[in-house]
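Here's the structure, in structure tokens; my notes come after.
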């Protein structure tokens, strides 16, 4: 069994380090734990510190990173001092421990980070450790592909809605905090994953798990970090993170094994008929395609018989249509109907209610392409009424020109 200053883990034990070691008689959990909850004492000795902490899948230093990050993020400042001592024993430097709090101010909030700093400060004073100074050094370089994907995702929602948050995210969070050299990008990734998983923010995990793996964290280390967190943030939070990690690892594995060009023969394409809830008249969808993750592109070929059209709908990231045959009509909410012909390209902005389909007298076929956001590429609305559709009769004619 690894040797730690284990009695210090229990902030509720009103004993000095030496007193606790003497009273424990070789056990890790203090006597008070065995007196009140003997089962907890046994699990503490036999499982948490008998099996989990000594595990080889994650280095002791990394385990301390994970636990400190979880405690701070959950607002559990009481044990922070104890785990600061253990972190020092496991190889974390005082500067790195302070930087964990700095990083988590942005991910868990200033109050939790400041409260943790007071606990760390007390440990540094007790051990006569010189207080960390602001590190000088060249800012770290971030993964260019990951940054491009992050900025693209952010521009889809945050920039349009809360531009000041988008500006701070770019300029402060990623162009400054993540580039501070006190912690490596791998360590920052591990700190962030621990924070998000410990607080149940599974929806934020995919991007940061991918970033962590790009920054050098191995799949085995990521799995063990989630396992270790179960004992500090609870089983439900850890279990909620598992399917997210599984999906990320599966997508990355598929991307690695599908590096070759894939050709899907037209004879293999399945044709489906548009449902009456989303289409008026006869419309057939064929040649559907969806790019593998991390790409979000998808689409298909849609053929409308004369007078057939979609219902009103929107796309979170917009849509592009390429007219391949026939004559069609398109309309966005509040605008007049426009006629389209083969070769025309229709660009539909994000979240814009619109419809498209064939003209009243001629069929139309187009290629439709859009991107998914959070797994969704379209939101269907009400059907286009005959009165609304009839506005196309007055559209400027292009098909017969």
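Every read-out reported here was derived from the displayed coordinates using simple, explicitly stated rules and does not represent laboratory data. Computed from a predicted structure; not experimentally measured. We place every Cβ from the backbone using ideal geometry, glycine too, and count neighbours over all the protein chains shown.
Based on this model, can you work out whether residue 131 counts as crowded, with 18+ Cβ neighbours inside 10 Å and either outside any helix (DSSP H, G or I) or in contact with a helix residue (DSSP H, G or I) (Cβ under 6 Å, 6 or more places away or on another chain) (or both)? No; evaluated as a whole, the condition is false for this residue. Of the numbered criteria (1) surrounded by fewer than 23 Cβ atoms within 10 Å (Cβ to Cβ); (2) under 17 Å from residue 186 (Cβ atoms); (3) under 28 Å from the mean Cα position of the chain (by Cα), the one residue 110 fails is (2). Identify all residues within the range 288-308 that are in contact (Cβ under 8 Å) with a residue 60 or more places away in the chain and either under 35 Å from the mean Cα position of the chain (by Cα) or closer than 28 Å to residue 265 by Cα (or both); write none if there are none. Result: 294, 296, 297, 298, 299, 300, 301, 302, 303, 304.
State whether one or more residues within the range 331-346 are surrounded by fewer than 18 Cβ atoms within 10 Å (Cβ to Cβ), out of contact with any strand residue (DSSP E or B) (no Cβ under 8 Å at 6 or more places or on another chain) and at positive phi. Yes, the conditions are met somewhere in the range 331-346.
Applying the criterion of at least 1 residues that are under 19 Å from residue 285 (Cα atoms) and in contact with a helix residue (DSSP H, G or I) (Cβ under 7 Å, 6 or more places away or on another chain) to the strands (runs of 3 or more DSSP E) found wholly in the range 327-401 leaves 328-332.
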